[in-house]
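First up is the structure itself, then whatever we jot down about it.
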Amino acid sequence: MKNLFNGNIISLFIWTLLLVFPSFAYSENDYFKVLKVGEVLPNAALMRFQKPHFNLSDLKGRIKIISVVPQLNTPTCDEQTHRFSETNGGLDQYLDIITISTNSAKGQYEFSKKAKIKNIEFLSDAPNYEFGVKTGLLNKSFNYLKRTVLVVDKNNIIRYADFVPGGGLPDINKALKAAKQILSKSNL
């Protein structure tokens with residue numbers, strides 16, 4: 001009886017993995033194909049709290065770090081956002097640091113006020129998820145974005161991409177170093 005029970009648990013676990021993980025791994029667009037270094041960042045309309053919609057194409061002309069998080073109100077997303085805000089070594093004076101999530105624009109505003117973050121632009125992909133769909137970063141099963149960091153140059157060309165499979169933080173120091181290199185090259 002115990003072996004039958006254990007066999008059922010294992011079968012259930014395997015079926016769960018087969019059903020759940022394909023939705024984590026893929027979306028309509030494969031982000032490894034869409035968000036390649038050297039390619040243009042796809043344009044998408046995003047929301048800001050009590051401000052007009054914002055198009056990613058409006059970011060042309062400035063270097064930017066784009067930190068993509070699933071939901072700001074989770075410990076890992078909170079830490080990622082704080083680290084880009086607090087440990088950027090003054091880069092925020094020379095380039096834009098942007099956090100994109102599926103939190104509502106109001107939820108992002110409330111998060112930024114509570115966290116006392118003033119040097120990051122928060123952009124919401126809710127409710128239409130246009131950014132997530134166009135970049136392939138939307139997990140459609142749960143309507144959240146896959147954790148990613150992009151460094152994008154003045155012409156909206158992706159120069160650095162870090163896709164984080166599963167849990168954990170991106171390599172924030174490596175992203176900051178990439179941003180510094182792009183900034184120093186643009187000042188030549």
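The values are calculated or read from the model by the stated rules, or taken from the named source; none is laboratory data. The structure displayed is predicted, hence computed values, not measured ones. Counting neighbours? That spans all protein chains shown, and the Cβs are built from the backbone with ideal geometry, glycine included.
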Handout entry: Test result for GLY132, out of contact with any Gly (no Cβ under 8 Å at 6 or more places or on another chain), surrounded by fewer than 20 Cβ atoms within 10 Å (Cβ to Cβ) and not hydroxyl-bearing (Ser, Thr, Tyr)
Key = no
Exercise for the section: Scan the range 79-114 for residues that are more than 24 Å from LEU56 (Cβ to Cβ) and of a type in the set (D, E, K, R) and jot them down. Expected result: GLU79, GLU86, LYS113, LYS114
Practice task
Answer yes if at least one residue in the range 97-114 is free of Cβ contacts under 8 Å to residues at least 24 places away in the same chain, closer than 19 Å to VAL151 by Cβ and not polar (S, T, N, Q), and no otherwise.
Solution key: no
Handout entry: Residues that are surrounded by 20 or more Cβ atoms within 10 Å (Cβ to Cβ) and small (Gly, Ala, Ser), drawn from the range 75-104
Key = SER101
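Okay, residues lined up against (1) touching a helix residue (DSSP H, G or I) at 6+ places or on another chain (Cβ under 9 Å); (2) part of a strand (DSSP E or B); (3) closer than 21 Å to ASN55 by Cα:
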position	(1), (2), (3)
LYS106	no, no, yes
TYR109	no, no, yes
LYS118	yes, no, yes
ALA126	yes, no, yes
PHE142	yes, no, no
ILE158	no, yes, yes
LEU169	yes, no, no
LEU183	yes, no, no
Exercise for the section: For residues that are in contact (Cβ under 8 Å) with a residue 60 or more places away in the chain and either over 18 Å from ASN143 (Cα atoms) or surrounded by fewer than 20 Cβ atoms within 10 Å (Cβ to Cβ) (or both), tally how many sit in the range 48-69. Expected result: 13
Exercise for the section: Report yes if some residue within the range 36-55 is touching a Cys at 6+ places or on another chain (Cβ under 8 Å) and either at pLDDT 75 or above or under 18 Å from TYR129 (Cα atoms) (or both); otherwise report no. Expected result: no
Exercise for the section: Would you please name the residue that is farthest from the chain's Cα centre (by Cα), looking only at residues in the range 38-88 that are more than 14 Å from SER124 (Cβ to Cβ) and assigned to a strand (DSSP E or B)? Expected result: VAL40
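Say whether the condition of being touching a residue at least 40 places away in the same chain (Cβ under 8 Å), surrounded by 13 or more Cβ atoms within 10 Å (Cβ to Cβ), closer than 19 Å to ILE63 by Cα and touching a Lys or Arg at 6+ places or on another chain (Cβ under 8 Å) is met by at least one residue in the range 176-187.
The initial filter retains those residues of the range 176-187 that are touching a residue at least 40 places away in the same chain (Cβ under 8 Å), namely 176, 179-180, 182-183, 186.
With surrounded by 13 or more Cβ atoms within 10 Å (Cβ to Cβ) added as a condition, the list becomes 176, 179-180, 182-183, 186.
Now restrict to residues that are closer than 19 Å to ILE63 by Cα: 176, 179-180, 182-183, 186.
Remaining after also requiring touching a Lys or Arg at 6+ places or on another chain (Cβ under 8 Å): 182, 186.
Yes, because at least one residue in the range 176-187 is touching a residue at least 40 places away in the same chain (Cβ under 8 Å), surrounded by 13 or more Cβ atoms within 10 Å (Cβ to Cβ), closer than 19 Å to ILE63 by Cα and touching a Lys or Arg at 6+ places or on another chain (Cβ under 8 Å).
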Practice task
Please specify each residue of the range 128-140 satisfying the condition of being of a type in the set (A, V, I, L, M, F, W, C) and part of a loop (DSSP other than H, G, I, E, B).
Solution key: LEU137
